[in-house]
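K.L.:
My questions all concern the structure below.
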């Protein structure tokens, strides 16, 4: 005679709870900035859009170092090394642009 099947049934899988629930807290929603101009890039763009004198000075600060660099290399006759020293006007333009933006923020503070 066949033996009856045992009454033992496998238990369904249930994940065990973490021993320390506070060890892995769920991140909450990120807080939204209360004022949009609190970020520097937004306030810089606002300054450039609102004040044409600052915008023109910053544009000149980006163009003039490259024009002077090109003129110097043309006058020296060493134009084939143009890309070798291109970092010089790039850094100069960035520093001038940042300085003029800072000066514009001091001249036109946000209300």
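Where a number appears in this text, it was derived from the coordinates with a stated rule and is not lab data. Only a predicted model underlies this, so the values are computations on that prediction, with no experimental measurement involved. Note that we place each Cβ from the backbone using ideal geometry, even for glycine, and neighbour counts take in every protein chain shown.
K.L.:
Taking the Cβ-Cβ separation of residue 78 and residue 45 as r and a Förster radius of 35 Å, what is the calculated FRET efficiency to the nearest 0.05?
P.N.:
Once rounded, the FRET efficiency stands at 0.40.
K.L.:
Another question, if that's okay. For the range 52-111, what class follows from the C-alpha gyration tensor (a ≥ b ≥ c being the square roots of its eigenvalues): rounded when a/c is under 1.5, otherwise prolate if a/b is larger than b/c, else oblate?
P.N.:
Since a/c reaches 1.5 and a/b is larger than b/c, the shape of the range 52-111 is classed as prolate.
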